[in-house]
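Values in this text are rule-based calculations from the coordinates and carry no lab data. Since the model is a prediction, treat every value here as computed from it, not as a measurement. Neighbour counts run over all protein chains shown; Cβ positions are idealised from the backbone, glycine included.
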Amino acid sequence: MGLLTVFANFRIDSEERLLRMKDSFHSFCGADIEKWVINIRGPLKCQATAFLRNQLGDSLILFELESSQGWFHDTRQMLPTIKSDYVFFWLEDHLCISGIDYFNKVVSEMKLFNAEYLLYSAFHHGTTLRSFDCLPFLNGDSIILVNYDIPSHKRRLEYINSNKLICATFIISCCSILKASLFAKIVSNDDLLIRRWPRETPFDFEKNSSDIRWLPIRVAQTKAEFFSFIDDDHGDDNLSLVSRGLYPNRVSREKILEIRKRHIKSSTFPILRKFLRPLVAIESKIRYALALWENRNV
């Protein structure tokens, strides 16, 4: 069993996204990675597939899945090929800016500390790291480790609010390195009665700050900026590489999102989703209250 597998199930639907995928790949492909388990969808999947085959050879396990049952169903077909300790969930619109040595050190320290989850992007100029100052943590060379339970989560959110920090608060994000067992648990567990996002997208993989039923988790956080968004400022000033002048702004973010929205609108039922949106919020509140009740003596 190896230490790390790169996983991706993404849609390459424009020349710009293909270029960003290549740039993202080159930013970290030299790291210690055992296998690349990749599914590519979209009109440019042949070009993206040819690139990865040429670059990776036998290290690539390639799928061509795009069933009507959606992202989770297709990703479950890929799970048996992942045999490493950890999974790097690759998003093509993030670039590694820390260097390969730091990448390898982060993963090796996650193994050393038995970490289950690490957010590799959304450093927010250091405020995501600072948001853990209110909690006890183990201190490594490249990461800190927090035993993150419901009381810890509530304390951290209060600290973030009182200090008006702009930082990541999701319990689990797509742009993450996870223990393979946790990754498989999330992919295999369609725990939402009503989907928050269209089934073609991976966004229901993410667990927001109200999804406390997924706690406790052994959370690692990098001590330096590791990856960065290419064009998403995530509500912050000069967060993305484009905003910092570190990546060319060839196509606007609005244009890229519009291409994505056209695909989603053509394959889902937007009127039905609008009707269900209030029910999604109600379900989330009920699940939050149940998780608090179940952990009332913690």
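Tell me, yes or no, whether segment 87-101 has at least one residue that is touching a Gly at 6+ places or on another chain (Cβ under 9 Å), closer than 18 Å to residue 178 by Cβ and surrounded by fewer than 20 Cβ atoms within 10 Å (Cβ to Cβ). Talk me through it step by step, then tell me what you get.
Step one: filter segment 87-101 for residues touching a Gly at 6+ places or on another chain (Cβ under 9 Å), giving 100.
This time we only want the ones that are closer than 18 Å to residue 178 by Cβ, so: none.
Scanning segment 87-101 turns up no residue that is touching a Gly at 6+ places or on another chain (Cβ under 9 Å), closer than 18 Å to residue 178 by Cβ and surrounded by fewer than 20 Cβ atoms within 10 Å (Cβ to Cβ).
Would you confirm, using the coordinates I've provided, whether residue 127 is more than 17 Å from the chain's Cα centre (by Cα), among the β-branched types (Val, Ile, Thr) and surrounded by fewer than 19 Cβ atoms within 10 Å (Cβ to Cβ)? It would help to see each step written out before you state the result.
Working: more than 17 Å from the chain's Cα centre (by Cα): yes; among the β-branched types (Val, Ile, Thr): yes; surrounded by fewer than 19 Cβ atoms within 10 Å (Cβ to Cβ): yes.
Yes: the conditions hold for residue 127.
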Of (1) aliphatic (A, V, I, L, M); (2) part of a helix (DSSP H, G or I); (3) under 19 Å from the mean Cα position of the chain (by Cα), residue 157 satisfies every one except (3)
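Yes/no per residue for (1) in a strand (DSSP E or B); (2) more than 20 Å from residue 179 (Cβ to Cβ):
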residue	(1), (2)
40	yes, yes
46	no, yes
62	yes, yes
108	no, no
Subset of segment 33-59, residues under 26 Å from residue 102 (Cα atoms) and in contact with a Ser or Thr (Cβ under 9 Å, 6 or more places away or on another chain), comes to 33, 34, 35, 36, 37, 38
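When only residues in segment 1-26 that are of a type in the set (A, V, I, L, M) and part of a loop (DSSP other than H, G, I, E, B) count, which is surrounded by the fewest Cβ atoms within 10 Å (Cβ to Cβ)? Walk me through it before giving the result.
So the first thing to find is which residues in segment 1-26 are of a type in the set (A, V, I, L, M), and the list is 1, 3-4, 6, 8, 12, 18-19, 21.
With the extra rule that they be part of a loop (DSSP other than H, G, I, E, B), the set shrinks to 1, 3, 12.
Numbers: 1: 7, 3: 15, 12: 23.
Residue satisfying both the conditions and the ranking: 1.
Take the residues of segment 64-94 that are part of a loop (DSSP other than H, G, I, E, B) and of a type in the set (Ser, Thr, Tyr): which is farthest from residue 8 (Cα to Cα)?
Restricting to residues being part of a loop (DSSP other than H, G, I, E, B) and of a type in the set (Ser, Thr, Tyr), the top hit is 68.
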Screening 227, 203 for residues that are surrounded by fewer than 17 Cβ atoms within 10 Å (Cβ to Cβ), within 28 Å of residue 31 (Cα to Cα) and either touching a Phe, Trp or Tyr at 6+ places or on another chain (Cβ under 9 Å) or touching a residue at least 24 places away in the same chain (Cβ under 8 Å) (or both) leaves only 203
